Every structure is written in structure tokens, then in C-alpha cells.
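One structure is given below, encoded as C-alpha cells.
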Amino acid sequence: MNRKLRTWLVFLIFLNGYISLSLELVVLRQLSFWVGSSAVITSIIMGMFLGFMSLGYFLGESKKIAGKNIRNILCASFIIIATLALLASSFPFVLKYFVWLYQWGITSSVIQTFIYSFIFLSVGPFLFGFNTTLLSRCLHRYNTNYTGNIMAWDTIGSVLGSLLTTLILMPFVGVNNTVMLIVLLAAVAAIITRPKWWTVLICVAIMVPTFMVNRDSVQRNKYGILVNNANSTISVSQMGDARVLMMNGLPMSVYNHNTESMADYINYVNNNFIYTMPMNRARNILVLGAGGFTAGINDTYNNYTFVDIEHTLRDVSEKYFLGKKLTDNKKFVVQDASQFLKNTDEQYDLILVDVYSNSFQVPEGFITAEFMQRLKSRVAPNGVVIMNMIVSMSFNDKYTQVFDNTFHTVFPHNTQRQAVGFVNPWVGDDITNVLYIWYNRENDGRIYTINKTPVIYDRYIK
């Protein structure tokens, strides 16, 4: 084996590692649009990915392959990987898959993830492992002590695939363009292994639809996607007289320019808690989960701090959703909500927690007692906490029950549970917006009993 061939084989091992990790991370990002990014979802995807990759390692050692043309096998393998990368990670295709699953009545995020992973994360990862073994066999013909180099270059490719994809490509280039790069690299690997005209023709045939469905104009014009980065897929659509800000496939904010109306729960918060604040001093208001910045939209007196991890929200909201600049009393901080609470010493008169998208996509760290304790420590005397949840009004599921238990463990007194909008508690599916509200006021924990009921005095004690 000459040095040039050895260098190409090492480069293919590196490329194989890079593509595998980059594709896995893009898939995790695209699926978060539909099934969230909880530990359960991540473990299913990673387990399926690694499981089939391990199977590829095993079968790549088969003695039956010894007499075959390994270059043809590797070329076909990379072509299949390029095709699967197109189908598994392009937003328009992922959208169709999950629409079909919902039409078929499959709504469990866990089951959806298993089905998707089995269909699209079986063959590709299998071939990644298979390719690594085949390339290793070729290099071992040159030097049987080459195992360390093989593992090192495969790992280096994986590390670069991980870092470049999450830190540079998806945040600054976009998920759609990252998908195009992955498919292109797989096509390049196929051409390297078998540089024939028909290989180039097949790869071009794969790249054309990859470009067609992932280019920015299609994302924006057909699907209304304005941002598609490592954190969020954001779009703004027009529904009658109202605009809807969508994040990761879910409506985050609604704004009607004619009536100045927002989502029902925001209207409730604005009308009952913000616009009714006394004007004797400017209050400090913290909004965790900025959405479309509709909380207190017409309030130019009090001081607002909006916190969100998505750095593009303010620009998108001002240009495409609100159609106007935020007023000077509103500040936007790009940071994780829990980290913001940990690092700030400020106390707030009103904290609105609006980081929960729906019952299937809940940031798990934000429904814990520990997070709520951190939240409680940032509330000023006589201040108010409002947490927007999408849960069962009648406690019809375990998630609602356990969250309610958690909330009242941290906030045992002075609480209110407000369902927003019409809901029928006698039907099985009564999921709706429920505002959990806590008032930071002294409470001695007394109760009335048949033996002691000083209610006629308590009514006049403030």
C-alpha cells in the first residue's frame, strides 16, 4: 500500500466519524421541533444510533467480504448515507413524517421517536460502523499495529463534527445548510472511494433535491421559517388579522394589530396583573421566556427584563411579528432562565414564567422544586409569580398531578390556579393553559377548626 492510498483511507475514516456525529446532532435538533429534547428522547436516539453502529462494526468483520471489491462497497455505503441524511434530517421531510404519525393517531413522543429512529437511524449508523471496520481492514493490510491511529482519526472526526456542528454551523450557518454540508461530505466520500463518472452522476442526483428542499428561500417562502439554528426554528404566519409566532413547531405568541389582542393567557396577565399596577412607582417585571414580547406590550412605565436563550427573538419579533420596536423600558437578556435567576441579585415585583411549550415539550429543569426555590428567592415582598402551564384542568393525568404537588411544595400558601379559556372538566382531554399564581405575602399557616374560628377578626387584619 503506497503512502497516498494510506492517506486517503485515513481521511475517509476521519470523514466517516465527522459525518456520523454531525448527522446525529442535526437529527436531535430537528426532532426537538416535534418531540422535545428531554433525556428520554435523547437516550432513545443515541441508543438506536449506537446500537446499529455496533452491529455495523460486527458485520464489517465478516470473512465473506474478503473476496469482494471493498471500494465498491464503500462507495455504495456512502451514497446510501448521503440519501438517508437527506431524508432523515431535511425539515420538509421531517415535517411530513410527523404529520403522518399524528394522522395515524400516534401522538406519544416516545413512540414517535422509536418509530422515526428505527426507520431512519438504523441503516445509516449501521453503515458508519460498517465503513469504519472495512477501512480498518484495508489499513491493517499495511500495518497491523495501526489500530490506535484508526481509532484516533475516527474520534478526531467525531469531535470536530460535534464541535463545529453545535458551536458554528447550526448557530451561524443554519440547520438547513448544515444538512446540505453533511450530504455533500458523504457524496465526496463516495466519489473518493470510486472516482467514476457514474458515481459523480449519482451524487449530483442526490445533491440536487438536497439543495432544493433545504435552501433558504424554500425554508422561508414555503414554510415561513425565519430562523433555523441550534436552539430554535422560528416562523411567523398570518392567521386572519393576527400574526402567530411559531417556535419549534408550536405557537408561542399571537398578536392582532387591529384589536391589540394577544393570546388569551397573555391578555389575562396584562389586564389583571400588569395594566392594573399602581402608578406610585415603577415596578420591576421579569419575563422568563420572551416569546413575542407581548407581556406588557402597551406598558411604557414599568421596567421589564425579558430572558430567553434564543438570541434572534428580539429582531424577529420587531421586524416580522410586532412590526415595531420595543419601548425603552424593555430589556432583552440572552441567557438560560435558571442561570439568570442564579446570577442576578435583583428582586422583582412580578415574575412571569412562560418557558413551557406544551405537555410533550417541557424543559425538565424548569418544573423541579429546585428551580422553583430559585424563582421564589427572586420575588420582592408582596410580589407575584405567575407560571404558565399547559396541563389538565381536572388533574386528569399524572404529569399534572405531580407538577401540582411540586408547585405546592415550594409555594404552599397564597396560591391561585387559573384556567384560561373554555374547558370541559368532564371530558377525558381537558388540557388547557393553567396559570399557577403565588402571592409573596406573610402567612402563618393557621386553619379554622370547630374549636377555634376567629373569622370575624381575621377579615379586618391586613
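Of the two radii for segment 108-228, the radius of gyration is 1.03 times the Kirkwood radius, both from the alpha carbons; that is the Rg over Rh value.
Taking all protein chains into account, the per residue accessible area for segment 1-145 stands at 45 Å² (1.4 Å probe).
Listed values (1) 1.01; (2) 0.95; (3) 1.20 include one computed from this model; for Cα Rg over 2.2 N^0.38 Å that value carries the label (3). Over the Cα atoms of segment 1-54, Rg to Rh with Kirkwood Rh, two decimal places? Radius of gyration over Kirkwood radius for segment 1-54 works out to 1.20. Put simply, when 440-453, 179-192 are sorted by average Cβ atoms within 10 angstrom per residue, most first, you get 179-192, 440-453.
Once both labels are positioned 7 Å from their Cα atoms along Cα-to-Cβ, the gap between MET212 and ILE70 label points is 3.7 nm. Span-like helix criteria (full DSSP H runs; alpha carbon extent of at least 15 Å along the helix axis; mean Kyte-Doolittle hydropathy of at least 0.0) are satisfied in the chain by 3-35, 39-59, 70-89, 91-103, 109-120, 123-142, 147-164, 175-193, 197-214.
Here's the list of aspartates and glutamates a cross-link from LYS325 could span, going by alpha-carbon distance under 12 Å and ignoring same-chain residues fewer than 8 apart: ASP315.
Gain on full extension, evaluated as 0.36 nm per residue between TYR399 and SER54 minus their Cα-Cα distance, stands at 120.7 nm.
Each peptide in 194-204, 295-305, 42-52 was scored by the mean count of other Cβ atoms within 10 Å over its residues; highest first, the order is 295-305, 42-52, 194-204.
Compactness ratio for segment 273-429: Cα radius of gyration over 2.2 N^0.38 Å (N = residue count) comes to 1.08. Note on segment 342-425: Cα Rg divided by 2.2 N^0.38 Å, N the number of residues, gives 1.12. Note on ARG220 and HIS408: with the Förster distance fixed at 41 Å, the Cβ-Cβ geometry gives a FRET efficiency of about 0.35. Over segment 164-289, the fraction of Cα-Cα pairs per 10 Å bin, rounded to whole percents and listed from the shortest bin up, is 11, 26, 24, 18, 11, 7, 3, 1.
Alpha-carbon geometry of segment 27-77: the Rg and the Dmax are 16.2, 46 Å, given in that order.
Taking label positions 7 Å along the Cα-Cβ direction at both ARG281 and VAL40, the computed distance is 4.6 nm, reported to one decimal. Taking the charge dipole of the chain about its Cα centre, with +1 at Lys and Arg Cβ atoms and -1 at Asp and Glu Cβ atoms, the residue from ILE79, ASN258, VAL99 reaching farthest to the positive side is ILE79. Using equal-weight Cα scatterers in the Debye expression, the normalised intensity of segment 181-235 in log10 at q = 0.14, 0.22, 0.25, 0.26 Å⁻¹ is -0.50, -0.80, -0.90, -0.94.
In straight-distance terms, cross-link reach from LYS319 covers every one of the lysines whose alpha-carbon lies under 26 Å from its own, apart from those fewer than eight places away in the same chain; here that gives LYS222, LYS330, LYS331. Computed on the Cα atoms alone, the convex hull of segment 94-136 gives a volume of 62 cubic angstrom per residue. Quantify how much of the Cα-Cα distance distribution of segment 34-160 extends past 17 Å, in percent. Taking all Cα-Cα pairs of segment 34-160, the fraction more than 17 Å apart is 65 percent. The dipole here belongs to the chain: it is taken about the Cα centre, uses +1 on the Cβ of Lys and Arg and -1 on the Cβ of Asp and Glu, and is about 1720 debye.
For segment 366-414, the convex hull spanned by the alpha carbon atoms encloses 83 Å³ per residue. With the highest mean first, a sort of the peptides 103-113, 266-276 on other beta-carbon atoms found within 10 angstrom per residue produces 266-276, 103-113. Counting only protein heavy atoms and a probe of 1.4 Å, the accessible surface of the chain is 60% carbon and sulfur.
The values are calculated or read from the model by the stated rules, or taken from the named source; none is laboratory data. Note that the coordinates shown come from a computational prediction; the quantities given were computed from them, not determined experimentally. Quick reminder, even Gly has a Cβ in these numbers, built from the backbone with ideal geometry, and neighbours come from all protein chains shown. Please note that ligands, DNA and RNA were not included when accessible areas were found on the heavy atoms of the full protein model with its side chains. Shrake-Rupley method; radii C 1.70, N 1.55, O 1.52, S 1.80 Å.
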